[in-house]
Amino acid sequence: MNEERTLAIVKPDATARGLVPEITNRIQEAGLRIVALRTLRLTEAEAGGFYAVHRERPFFGSLCRYMSSGPIVVAVLEGDGAIKRWRDLMGATDPAEAADGTIRKDLGESKERNSTHGSDATETAQFEICYFFSGLDLVRLSDAG
């Protein structure tokens, strides 16, 4: 495996239900490090910019409205194989199809309201991390002296 970073989002349905501590605990218990963390609320236009890759998909408008409907928590996770490990921890997009013990199976409500988002590839992770965090946000504490 290799040391990498990925973006994690705790979506509005999970923040509204007070699930941020549960999800961040699962992240840390899985051995991933949280190197940046921020709570914010997206506008519909900001959500549209983040999900621009899906602009032509039928669910795009609904997704942007949902992602701007309440606070989200964005985090940068770091560790060996972080992208795959976070995606495995989240489970399948549809909670009904997710494996037992995954976040989406245990906490998700529907395919859209599935509690979490995660980058699906290295290039996606780079774009997504930069969408929410500047370089200064990502300085490792061990590198800061």
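Looking at (1) of a type in the set (Asp, Glu); (2) closer than 15 Å to VAL10 by Cβ; (3) assigned to a helix (DSSP H, G or I); (4) over 13 Å from the mean Cα position of the chain (by Cα), find the lone condition where GLU109 falls short.
(3)
It is to be established whether one or more residues within segment 52-59 are under 13 Å from the mean Cα position of the chain (by Cα), without any contact (Cβ under 8 Å) to a residue 24 or more places away in the chain and more than 18 Å from PHE127 (Cα to Cα).
The answer is no; no qualifying residue exists.
Could you please tell me which pairs satisfy a Cβ distance under 8 Å, a separation of 6+ or placement on different chains, a first residue in segment 97-108 that is within 15 Å of ALA30 (Cβ to Cβ) and without any contact (Cβ under 8 Å) to a residue 12 or more places away in the chain, and a second residue that is outside any loop (DSSP other than H, G, I, E, B) and not aliphatic (A, V, I, L, M)?
ALA99/LYS105
Given the condition in contact with a helix residue (DSSP H, G or I) (Cβ under 6 Å, 6 or more places away or on another chain), in a loop (DSSP other than H, G, I, E, B) and either modelled with pLDDT of 95 or more or not aromatic (Phe, Trp, Tyr) (or both), answer yes or no: does some residue in segment 82-93 qualify?
Among the residues of segment 82-93, at least one is in contact with a helix residue (DSSP H, G or I) (Cβ under 6 Å, 6 or more places away or on another chain), in a loop (DSSP other than H, G, I, E, B) and either modelled with pLDDT of 95 or more or not aromatic (Phe, Trp, Tyr) (or both), which makes the answer yes.
If you go through segment 96-105, how many residues are more than 16 Å from the chain's Cα centre (by Cα) and in a helix (DSSP H, G or I)?
Within segment 96-105, residues that are more than 16 Å from the chain's Cα centre (by Cα) and in a helix (DSSP H, G or I) number 2.
Of all helices (runs of 4 or more DSSP H) completely enclosed by segment 1-66, which ones contain at least 2 residues that are surrounded by fewer than 14 Cβ atoms within 10 Å (Cβ to Cβ)?
Of the helices (runs of 4 or more DSSP H) lying wholly inside segment 1-66, those with at least 2 residues that are surrounded by fewer than 14 Cβ atoms within 10 Å (Cβ to Cβ) span 20-29, 44-50.
Only one residue in ILE103, ILE129 is more than 21 Å from ALA47 (Cα to Cα) and surrounded by 15 or more Cβ atoms within 10 Å (Cβ to Cβ), so which one is that?
The unique qualifying residue is ILE103.
The values are calculated or read from the model by the stated rules, or taken from the named source; none is laboratory data. Not measured: the values here are computed from a predicted model. Here the Cβ is made from the backbone with ideal geometry for all residues, glycine too, and neighbour counts use every protein chain on show.
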